[in-house]
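**Q** One structure, pasted below without further comment.
The values are calculated or read from the model by the stated rules, or taken from the named source; none is laboratory data. Please read all numbers here as calculations on a predicted model, not as lab measurements. Cβ placement follows ideal geometry from the backbone for every residue including glycine, while neighbour counts extend to all protein chains displayed. In case anyone asks, the SASA skips ligands and DNA or RNA and just uses the protein heavy atoms, side chains included. Shrake-Rupley method; radii C 1.70, N 1.55, O 1.52, S 1.80 Å.
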Amino acid sequence: MVVLHSTDTGSDGVCVPLEPFLHQVGGHLSMLQYDAHTVCKPLNSQEQKFYESLPLAMRCFTPQYKGTITVHLRRDSRGHLGLVANPLKENLEPLQVSPDSRAVAIWQTLQQPASNGSSPRPLAQLAHSLKESTAKVLLSSDCHLSTQASPQEESADGSQVERRGFNPWGLHCHQAHLTRLCSEYPEDKRHRFLLLENVVSQYKQPCILDLKMGTRQHGDDASEEKKARHMKKCAQSTSACLGVRICGMQVYQTAKKSFLCKDKYYGRKLSEEGFRQALSQFLHDGTRLRTELLEPILRRLQALLTVIRSQSSYRFYSSSLLIIYDGQETTQGSPSGAPAKVDVRMIDFAHATYKGSWNEHTTHEGPDPGYIFGLENLIGILQDLQEGE
């Protein structure tokens, strides 16, 4: 289902259930899956305006913007609390979920009632279905997650669960978002969400690197307290010396048939050399370095650098850059010689600013120097990897 715009009908007659987007590797706002090709996130008016006025040259480096939609909380027949969207009347077909979609499967599995069938498992207890603590499971900086059903494990309440492939960061963000909505708003409150292209929908086992770009992360509207906090994070991480730091990643390990996952806390601790090693790890499938990915990734990054250099007055504060490839695809030894399929996309523009944006009292001149600094260093490190093949 693709929805371009929506209206506030106020009707709960037909709703699209939203599932947590379990290929989310970074960020703090919950990304939700609307359909196989569309995700949604809480609307920020500055980000919406950015997408609506996006320069033509940048459109191939950002997710396609598909409009907005109304979202609200709703409990199902078993008492599970979730988010649902009201689609346009002309788009009322049910949500189509691929039988291979593990994102929906894991969420449904974790929401199963306890073994006695007497009551639904509360959202806050979902992580307890695994043997480790919530913090350790959801915020682990180094975890392997199987992409195939493994032998069932006994949870704390004695019920059996299957571990399937998912990145725990998406569940962490979703749990935090639902908790905040429940505590701050009535259940029938309508919320506006942005609809965006699911940029990993075409990949079987999407390997994703989320990079926070630039030497500055606070927006022009940041409070002094927030400004100081973000400046400290930059100073203590590779944002200062490289103009880029890791916010999260998942890498498919072919032999183990699992994802290796890293989060933003791991990325903040990396030295410059650690960052270089992490880039190499992102391109390693557990058996070999995927050197065939370097050339197409570099071409894409160099094309983006050319575009960014031409965008006068734009500042992409706190935005991220995604590097994506398919962990299940391999072109090694392929007679066709076809290049590996990779992608590079910019995301998260809540703090972006440019001439003509809402923040008229602060206008920057020329292209974004911090972003360019980060891109140039990223390209240089990948070129070093390429030369050392």
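**Q** Those residues that are of a type outside the set (Lys, Arg), open to solvent by less than 60 Å² (accessible area, probe 1.4 Å) and free of Cβ contacts under 8 Å to residues at least 40 places away in the same chain, I need them from segment 242-265; list them, please.
**A** Ile246
**Q** To continue, here is another question. Among what's in segment 17-28 and is more than 15 Å from Val199 (Cβ to Cβ) and modelled with pLDDT of 90 or more, pick the residue that is surrounded by the fewest Cβ atoms within 10 Å (Cβ to Cβ).
**A** Going through the qualifying residues, I end up with Pro17.
**Q** Need pairs with beta-carbon distance below 8 Å; first residue more than 11 Å from Pro20 (Cα to Cα) and within segment 170-186, second open to solvent by 60 Å² or more (accessible area, probe 1.4 Å) and not in a helix (DSSP H, G or I); sequence gap 6+ or separate chains.
**A** Note: pairs meeting the criteria are Ala176/His28; Leu181/Lys189.
**Q** Separate question: Can you confirm whether segment 252-269 contains a residue that is of a type in the set (A, V, I, L, M), closer than 22 Å to Ile323 by Cα and touching a helix residue (DSSP H, G or I) at 6+ places or on another chain (Cβ under 7 Å)?
**A** Within segment 252-269, not a single residue is of a type in the set (A, V, I, L, M), closer than 22 Å to Ile323 by Cα and touching a helix residue (DSSP H, G or I) at 6+ places or on another chain (Cβ under 7 Å).
**Q** Among the residues of segment 203-222, write down those that are within 21 Å of Leu279 (Cα to Cα) and of a type in the set (Asp, Glu).
**A** Asp210
**Q** For segment 266-296, give me each residue that is closer than 19 Å to Gln217 by Cα and open to solvent by less than 50 Å² (accessible area, probe 1.4 Å).
**A** Passing the criteria: Tyr266, Gly267, Leu270, Phe275.
**Q** What is the residue count in segment 260-277 for residues that are of a type in the set (A, V, I, L, M) and under 20 Å from Leu375 (Cβ atoms)?
**A** Going residue by residue through segment 260-277, those that are of a type in the set (A, V, I, L, M) are 260, 270.
Then drop every residue that is not under 20 Å from Leu375 (Cβ atoms), which leaves 270.
So the count comes out to 1.
**Q** Let me ask another. Out of (1) under 24 Å from His23 (Cβ atoms); (2) at pLDDT 95 or above; (3) among the hydrophobic types (A, V, I, L, M, F, W, C), what's the single condition that is false for Ile379?
**A** (1)
Quick grid of which residues meet (1) among the polar types (S, T, N, Q); (2) open to solvent by 20 Å² or more (accessible area, probe 1.4 Å); (3) in contact with a helix residue (DSSP H, G or I) (Cβ under 8 Å, 6 or more places away or on another chain):
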site: Ser53; (1), (2), (3): yes, yes, no
site: Arg59; (1), (2), (3): no, yes, no
site: Tyr65; (1), (2), (3): no, yes, yes
site: Leu73; (1), (2), (3): no, no, yes
